[in-house]
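The values are calculated or read from the model by the stated rules, or taken from the named source; none is laboratory data. Computed from a predicted model, the values in this text were never measured in an experiment. Using ideal geometry, Cβ is built from the backbone for each residue, glycine included, and neighbour counts are taken over all protein chains shown. Surface accessibility is based on the protein's heavy atoms, side chains included, excluding ligands, DNA and RNA. Shrake-Rupley method; radii C 1.70, N 1.55, O 1.52, S 1.80 Å.
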Amino acid sequence: MLKIYGSVMSRASRNIWAAEECAAPYELVSLDFRKGEHKQPAYLAINPAGKMPSIVDGDVVMAESLAINAFIAQKYGKGKLWPADEKGQAKCLQWTLWAAAELEPVAYGRLREVLFKKEDERDHKLLAELAERGKPIVGVLDAVLQTTPFICGSQFTLADLNVACVMEYMVRSNFDISPWPKTAAWYKACAGRLGNMKVQEMRAQAMKVA
Amino acid sequence: MITLYGKAASRTSRNLWALEELGIAYKHVPFDYLKGDTKMAEYLTINPAGKVPALVDDDVVMTESLGMNLYIAHNYGIGTLWPEGKAARAKCIQWTLWAATELEPPAVGRLIEFNFKKEHERDQKNIDTLAEHTKWPLNTLDAALQRSTYLAGAMFTIADLNVAAVCEYLTRTKFDLTPWPAANRWVSECLARPANQKVNAMKMAA
């Protein structure tokens, strides 16, 4: 069975979302990074770099949240998250790398400023620079979404999931996506999916406990 | 047949390397972003973002160099670049994303400082910071290569190709890899492969 190591507050949330979408049976092994649980020998045996998330599934041991989602989609989501046709599969790979290489540096840069710093400590110049860099990147996505509701066509796939979970950082860091109406509508459709609602519920629960 | 767009002296080299490893027939259209080829209407219908590389393979049109290599391996390299077995395949996807998220940002930062700037324009503070940010991923890579010959096991796969292609930015900017002996040996071995040598010759010829 699929075991996901990490906290729902971390990038492991992306993998929980994917597992929920596929209705794949999984176990979440919660690691609290504030307690340094990801630096303990038991976890380092799974991921020597001590980063979250990781998964173990049979003899598969792997890291990198967006790559893990490609694995989950291929194993548990054939014909759904992982499209049946070669063309859709190519798009899923392309947009997974695009999310990592193009969107995440900007989105994570913004999230870090907003989430880990108090308002008066934030580097507003950096936030504005990242917002400027973000605009043409969102524009690339928006151009694709002019003709289809989801990236690969009419169906929600891994491409949407991996891009949406990074776009969430833009939204959480108060980047206004409304100037790109197609992207805004797409994001709303992705974020409103049951798989993601479940993740949000788990987050709210974790915040209550903390 | 795959048509690959982008000149060899760009990230297109990664895809040329993969195609050469497989020895499959392909068509190369060496569009040069410096000459504005990639902003022409002909290319923008393939990649509206106007970046290279891109590939066309029947009805598949795709961008993102490392993603394209997964596609090439997956569709044309089963048993070679795309290994048999779920565990090894998982490693290929993992290391591809790792190359993009962990290694490429500091590596491309170095390349910009060293290859696109004159000596007196270089930002030494940035170069030092990038060197620090390179050490962590190299520790991770070295640890993995102490455990196995190649990243997904005993065989050279797309995991090695994608990571080594990014490591090339480090060797090209004279980053000293000797503190990471396993990674150092592996980088030299990967980059010395005949398919990559052929790509290097294409870069020089252009």
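Tabulated values for the structure
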item: Selection status of B:N139, within 14 Å of chain A (Cβ to nearest Cβ), polar (S, T, N, Q) and either under 18 Å from B:L66 (Cβ atoms) or touching a residue at least 40 places away in the same chain (Cβ under 8 Å) (or both); result: yes
item: Test: residue in segment A:191-201 that is among the β-branched types (V, I, T) and closer than 28 Å to A:A73 by Cα; result: yes
item: Among (1) open to solvent by less than 20 Å² (accessible area, probe 1.4 Å); (2) facing chain A (nearest Cβ under 9 Å), the one test that B:R89 misses; result: (1)
item: Scan of segment B:36-61 for residues that are within 11 Å of chain A (Cβ to nearest Cβ) and either in contact with a Phe, Trp or Tyr (Cβ under 6 Å, 6 or more places away or on another chain) or open to solvent by 10 Å² or more (accessible area, probe 1.4 Å) (or both), ordered by number; result: B:L44, B:N47, B:P48, B:A49, B:K51, B:A54, B:V56, B:D58, B:D59, B:V61
item: From B:A201, B:A152, residue being open to solvent by 10 Å² or more (accessible area, probe 1.4 Å) and either in contact with a strand residue (DSSP E or B) (Cβ under 9 Å, 6 or more places away or on another chain) or in contact (Cβ under 8 Å) with a residue 40 or more places away in the chain (or both); result: B:A152
item: Close pairs from segment B:22-35: first in contact (Cβ under 8 Å) with a residue 24 or more places away in the chain, partner open to solvent by 40 Å² or more (accessible area, probe 1.4 Å) and aliphatic (A, V, I, L, M), Cβ under 6 Å, at least 6 apart; result: B:A25/B:M1
item: Single residue of segment B:66-86 satisfying the filter (of a type in the set (G, A, S) and open to solvent by 10 Å² or more (accessible area, probe 1.4 Å)) that is nearest to the other protein chains (Cβ to nearest Cβ); result: B:G85
item: Selection within segment A:61-73 - at the interface with chain B (Cβ under 8 Å from one of its Cβ atoms) and either of a type outside the set (G, A, S) or touching a strand residue (DSSP E or B) at 6+ places or on another chain (Cβ under 6 Å) (or both); result: A:V61, A:M62, A:A63, A:E64, A:L66, A:I68, A:F71
item: Given (1) in contact with a Pro (Cβ under 9 Å, 6 or more places away or on another chain); (2) open to solvent by 10 Å² or more (accessible area, probe 1.4 Å); (3) not small (G, A, S), index of the condition A:I4 fails; result: (2)
item: Filter result for the condition that a residue is open to solvent by 50 Å² or more (accessible area, probe 1.4 Å), charged (D, E, K, R) and closer than 16 Å to B:N15 by Cβ, over B:R185, B:R147, B:R172, B:R193; result: B:R193
item: Residue list for segment A:115-134, filter: modelled with pLDDT under 95 and either touching a Phe, Trp or Tyr at 6+ places or on another chain (Cβ under 9 Å) or within 17 Å of A:M167 (Cα to Cα) (or both); result: A:L115
item: Of all residues in segment A:73-83 being assigned to a loop (DSSP other than H, G, I, E, B) and at negative phi, the one that is surrounded by the fewest Cβ atoms within 10 Å (Cβ to Cβ); result: A:K80
item: Number of the exception - B:T80 against (1) among the β-branched types (V, I, T); (2) in a helix (DSSP H, G or I); (3) more than 15 Å from B:T12 (Cα to Cα); result: (2)
item: Count - residues of segment A:61-79 that are over 14 Å from the mean Cα position of the chain (by Cα) and closer than 17 Å to B:E102 by Cβ; result: 1
item: Residue in segment A:48-60 that is closer than 16 Å to B:W95 by Cβ, more than 19 Å from the chain's Cα centre (by Cα), open to solvent by less than 50 Å² (accessible area, probe 1.4 Å) and at the interface with chain B (Cβ under 9 Å from one of its Cβ atoms) present; result: yes
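Here is a yes/no grid of residues against (1) crowded, with 16+ Cβ neighbours inside 10 Å; (2) in contact with a helix residue (DSSP H, G or I) (Cβ under 9 Å, 6 or more places away or on another chain); (3) among the hydroxyl-bearing types (S, T, Y):
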position: A:L126; (1), (2), (3): no, yes, no
position: A:K135; (1), (2), (3): no, no, no
position: A:L141; (1), (2), (3): yes, yes, no
position: A:L145; (1), (2), (3): yes, yes, no
position: A:T148; (1), (2), (3): no, no, yes
